[in-house]
Amino acid sequence: MIAAITMTFLIGSSVIAEDQDLETLQFKAVGMDSLTSTEIEGALKQLPGIVEATADWKPGKVTVRYNPEQIMPEEIMDTVSGMGFYVEPIPQ
């Protein structure tokens, strides 16, 4: 019998299993610049269930990999909206 090994990573305050089902969310953050893109990334990485967050200020696009069992897409976008940005989902 071969035992399955699951690797875990500690990211922020969340423990993420490598083999779990993660989802990707992309949306526009209107008005983002190079400084605020870093602020957006930092705020998102503090949320539970966020594995990776990148904010590319030139196209105004935010990409987030997250665990849907820990956080909903609306909560992610609400965080950025609460920072004063207009957010708009990008169809996948």
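Some observations on this one:
- On the stretch given as the range 57-92, residues that are assigned to a strand (DSSP E or B), over 10 Å from the mean Cα position of the chain (by Cα) and surrounded by 13 or more Cβ atoms within 10 Å (Cβ to Cβ) total 2.
- Number of the exception - Q70 against (1) closer than 14 Å to K28 by Cβ; (2) touching a residue at least 24 places away in the same chain (Cβ under 8 Å): (1)
- Of residues in the range 39-56 being of a type outside the set (A, V, I, L, M) and within 9 Å of the chain's Cα centre (by Cα), the one surrounded by the most Cβ atoms within 10 Å (Cβ to Cβ): G49
FYI, it's all coordinate maths here, none of it is from the lab. Model, not experiment: these values are computed from the prediction. Virtual Cβ from ideal backbone geometry, glycine too; neighbours counted across all protein chains shown.
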